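Everything below concerns the one structure shown next.
The values are calculated or read from the model by the stated rules, or taken from the named source; none is laboratory data. Nothing here was measured: the structure is a model prediction, and the numbers come from that model. Neighbour counts are summed over all protein chains in view; Cβ atoms, including those assigned to glycine, are modelled from backbone coordinates with ideal geometry.
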Amino acid sequence: MNSTIVSYLSQFEGHKKFISILSEALGFDATYLVAFLVFFLASFIVVNVMALVGGLGTYAERKISADIQMRQGPNRVGPYGLLQFLADGVKMITKEDIIPRNADKLLFTIAPLMALVGVFGSLAVVPFSSGFILTDLNVGVFYLIGVSSLVGVAIFLGGYSSNSKWSMLGGMRGASQIISYEVPVTLSILAIVILAGGLSFSTLVEAQGGMPHQWYILHNPFTFIGFFVFFIGALAETNRAPFDLPEAESELVSGYHTEYTGMRFGFFALAEYIEVFVVCGVAAAAFLGGYKVPFDLGTGDLLVNTLHLPPIIGRNIGQILQVGSFVTKTLVLYYIVIWIRWTFPRLRVDHLMTLCWKYLTPIALFNLVGCAVWLYAFDGQSVWELLSHLGGASSGGH
Amino acid sequence: MSSPNLDVYMPIVILMAFGVVAVVGALLFGRLLRPSNPNTLKESPYECGEEPIGSAWSNFNVRFYVVSLIFIIFDVEGALMFPVAAVFKKFNEIGEGAVLLGSLLLFILVLVLGIIYCWRKGDLDWVKSFKLTDEQIKQLNGIEES
């Protein structure tokens, strides 16, 4: 049941024709070569768009914070300061690369690499649309949780290898925070897995519908609480304020990346902003209907039937609508993440642990039990379906 | 497809390779542009402008170990629940949901007992508080006075 972007493309005639022509020209079966090329191109696009999203994320962060604090924000480089992130990138590349004398040089160089590799790896299963998902692994959720914790390892390594006391404190805090909040995040996404009956992201999204009342967030009371548990946990896992204790600049100078200069620091920052996008995307896919468009416009059948478009065009317009729906939901969550950062003060480290272990984890366990019992008792129907049944039963009784 | 695994996991390898290329490429490219004149002060770890005292690789608080131990228990149990969660709906459709629900609840009961135990032991508190007896308080006061 694994589907990838290649299996989406292979339903079109042009793709098959291209493979056969290439096979004849090269003299061997070019299926895998074409698959590789498609994957390569798609990955290239995704990586570049995500780097752009990360860069514009820093810009959005500064602009929104300026808005909240009644300042101007960056407004000199490019129109409205839009090219500020490029200027920052140039600056970072041209900065001297300093490795502390007593640092563990190998781990120090590996840490930013690991952060970026972990984040890029988690992009593989983000469902942009029903066709444009790089690979829809049948263990997608599990894979994502595993790969994204590479970033936690990278943060700890970065803090540990610097051999600076601030970095060490930040790295230790980061490690304990990320592993703690992984528990409520895993448990609240497990509740959705139980309702959807599968681990792949397409299963999660296809089990929902386009309209808000078909989303899992409004499926039953437990998933409604579960969304907030997931979102709070995800904020902590990506080290976003109010949980940015690993880099708390008022107490730890700059936390785990105190000793990092130039582009190495830039990769940590880029990884953080892309990870926020990925986490928001997962929240959108699991709880907010993902790429689903209202009235099933996403499949393109409606367009084909009413406007008499050729199926190939209708289907691709549907895909674009799906990508639009997914990206809109994700960016709204992204905005909320930034909004939260500039609204709430930072937690203290003991409050952080109390919140995770004494509040979020028991609530997440309760939600998990609640969803399992709900599925068993009501055959996985949502509150609205049950209500409509009640209405139907009473009207039928007349 | 003869070997579907290759097909499905290819993008992951490609994406991770992109990550490596991005980091290594940017650092190598930057090498052409950036200055490099290290000196001893520049290479010393930041300690608010003071001479760094000792190494940062020293003992750290045992609380971190406790947190990681609790995490391992919960994460392994969470990982073990994934297969059950994935097939729950299918079992429910063929009318075997009660078996899975029972085993899931039993499993979660063990988890809940574990968290209650940790809570009672005070391992979930970041700052552990001890209640001193009156005698101990007197003893401590005695030490201070003498």
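At a glance:
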{"read-out": "Residue count, the range A:220-257 (criterion: within 21 Å of A:Pro362 (Cβ to Cβ), of a type outside the set (A, V, I, L, M, F, W, C) and buried (at least 22 other Cβ atoms within 10 Å of the Cβ))", "value": "5"}
{"read-out": "Residue under evaluation A:Lys292, criteria (1) within 14 Å of chain B (Cβ to nearest Cβ); (2) touching a residue at least 60 places away in the same chain (Cβ under 8 Å), criterion not met", "value": "(1)"}
{"read-out": "Counted residues, the range B:26-80 - those being over 30 Å from B:Leu100 (Cβ atoms), part of a helix (DSSP H, G or I) and out of contact with any Pro (no Cβ under 8 Å at 6 or more places or on another chain)", "value": "17"}
{"read-out": "Criterion violated by A:Ile98 - all others in (1) modelled with pLDDT under 85; (2) closer than 30 Å to A:Pro310 by Cα satisfied", "value": "(2)"}
{"read-out": "Hey, B:Val67 at pLDDT 85 or above, within 29 Å of A:Ile179 (Cβ to Cβ), in contact with a helix residue (DSSP H, G or I) (Cβ under 6 Å, 6 or more places away or on another chain) and within 7 Å of chain A (Cβ to nearest Cβ) or not", "value": "no"}
{"read-out": "Yes/no for B:Leu41 being at pLDDT below 80, surrounded by 10 or more Cβ atoms within 10 Å (Cβ to Cβ), aliphatic (A, V, I, L, M) and more than 30 Å from the chain's Cα centre (by Cα)", "value": "no"}
{"read-out": "Filter result for the condition that a residue is of a type in the set (Asp, Glu) and within 13 Å of chain B (Cβ to nearest Cβ), over A:Glu251, A:Glu272, A:Glu247", "value": "A:Glu251"}
{"read-out": "Helices (runs of 4 or more DSSP H) (entirely within the range A:293-398) containing at least 1 residues that are crowded, with 18+ Cβ neighbours inside 10 Å and of a type in the set (A, V, I, L, M)", "value": "A:301-307, A:311-341, A:349-354, A:361-378"}
{"read-out": "Considering residues of the range A:103-123 that are facing chain B (nearest Cβ under 7 Å) and touching a residue at least 60 places away in the same chain (Cβ under 8 Å) only, the residue nearest to A:Met168 (Cα to Cα)", "value": "A:Pro112"}
{"read-out": "Which listed residue is in contact (Cβ under 8 Å) with a residue 60 or more places away in the chain and either surrounded by 17 or more Cβ atoms within 10 Å (Cβ to Cβ) or more than 28 Å from A:Ile93 (Cβ to Cβ) (or both), from B:Arg63, B:Arg34", "value": "B:Arg63"}
{"read-out": "Positions within the range A:168-195 being touching a residue at least 12 places away in the same chain (Cβ under 8 Å) and within 7 Å of chain B (Cβ to nearest Cβ), in sequence order", "value": "A:Met172, A:Ser176, A:Ile179, A:Ser180, A:Glu182, A:Val183, A:Thr186, A:Leu187, A:Leu190, A:Val193, A:Ile194"}
